[in-house]
Amino acid sequence: MDLVGRSVEQEWPVTSADTADAVGSGSLPVLGTPRLLAWLEATEDHPDLAAAPAREAIALHRKGGDERAALEVEGVLAWIAAERGDRATALRHIERLHREARQGDSESARFVLLVAEAKILEALGELDRAIALRERLVELASGFGNPSSVLAHRLRIAELLAVRGDAVGA
């Protein structure tokens with residue numbers, strides 16, 4: 001179906017539950033990207049608009065040689081499933097992410113994948129796995145010589161330990 005010229009309007013009130021700090025995609029009180037993407041996905045179901053399925057978007061990115069974009073679309077699907085509480089679907093998308101990352105050769109794409117996976121595991125409440133993955137990200141970021149990323153992941157580990165009830169050491 002030709003989508004050129006078609007439009008649809010939908011309205012969602014933004015609440016504190018929709019902010020980046022609330023959905024775990026950042027620390028600012030602004031609209032969180034995962035929430036925006038979930039709203040966009042919901043718009044696909046609008047009767048006046050037929051959008052291309054996400055799997056087709058992934059295939060198009062891959063065909064165009066944009067491995068990172070393909071991984072990001074898969075990551076978004078995993079995040080949306082986690083946000084909806086659909087654990088099985090979220091974990092299935094994580095498995096696909098790993099399979100795709102192994103086939104590619106982009107180190108930055110793999111790093112993006114691991115960051116996405118850590119956030120998804122946190123959303124699913126899998127704090128032990130999320131903490132272990134964040135520790136791996138600290139190692140990788142140190143290898144890249146990226147001190148701001150190291151600090152961000154160390155702070156997130158401390159937050160997760162606090163949520164889990166562990167005493168945070170020095």
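Quick check: anything in the range 140-159 within 15 Å of SER25 (Cα to Cα), open to solvent by 60 Å² or more (accessible area, probe 1.4 Å) and among the aliphatic types (A, V, I, L, M)? Explain how you work it out, then say what you get.
Within the range 140-159, the subset within 15 Å of SER25 (Cα to Cα) is 149, 152-153, 155-157, 159.
This time we only want the ones that are open to solvent by 60 Å² or more (accessible area, probe 1.4 Å), so: 155-156, 159.
Next, only the ones that are among the aliphatic types (A, V, I, L, M) stay: 155.
Yes, some residue in the range 140-159 is within 15 Å of SER25 (Cα to Cα), open to solvent by 60 Å² or more (accessible area, probe 1.4 Å) and among the aliphatic types (A, V, I, L, M).
Within the range 100-170, considering only helices (runs of 4 or more DSSP H) that don't extend past its boundaries, which have at least 2 residues that are at pLDDT below 80 and not aromatic (Phe, Trp, Tyr)? Give the steps one after another, and end with the answer.
Numbers: elements: 107-123, 127-144, 147-164.
In the range 100-170, 107-123 are the helices (runs of 4 or more DSSP H) which contain 2 or more residues that are at pLDDT below 80 and not aromatic (Phe, Trp, Tyr).
Report yes if some residue within the range 84-98 is at pLDDT below 75, open to solvent by less than 30 Å² (accessible area, probe 1.4 Å) and not in a helix (DSSP H, G or I); otherwise report no.
no
Residues of the range 112-170 being closer than 19 Å to LEU91 by Cβ and among the β-branched types (Val, Ile, Thr), which ones?
VAL112, VAL115, ILE120, ILE131
Which count do you get for residues in the range 11-54 that are exposed (fewer than 11 other Cβ atoms within 10 Å of the Cβ) and at pLDDT below 75? Walk me through how you get there before you give the answer.
Initially, the range 11-54 is screened for residues exposed (fewer than 11 other Cβ atoms within 10 Å of the Cβ), giving 11, 13, 15-17, 28, 45, 47-48, 53.
Still in the list and also at pLDDT below 75: 45, 47-48, 53.
Result for the range 11-54: 4.
The values are calculated or read from the model by the stated rules, or taken from the named source; none is laboratory data. Predicted model, so just to flag it, every value in this text is computed and none were measured. Virtual Cβ from ideal backbone geometry, glycine too; neighbours counted across all protein chains shown. When the accessible area is computed, the model is the full protein with side chains, heavy atoms only, and any ligands, DNA or RNA have been set aside. Shrake-Rupley method; radii C 1.70, N 1.55, O 1.52, S 1.80 Å.
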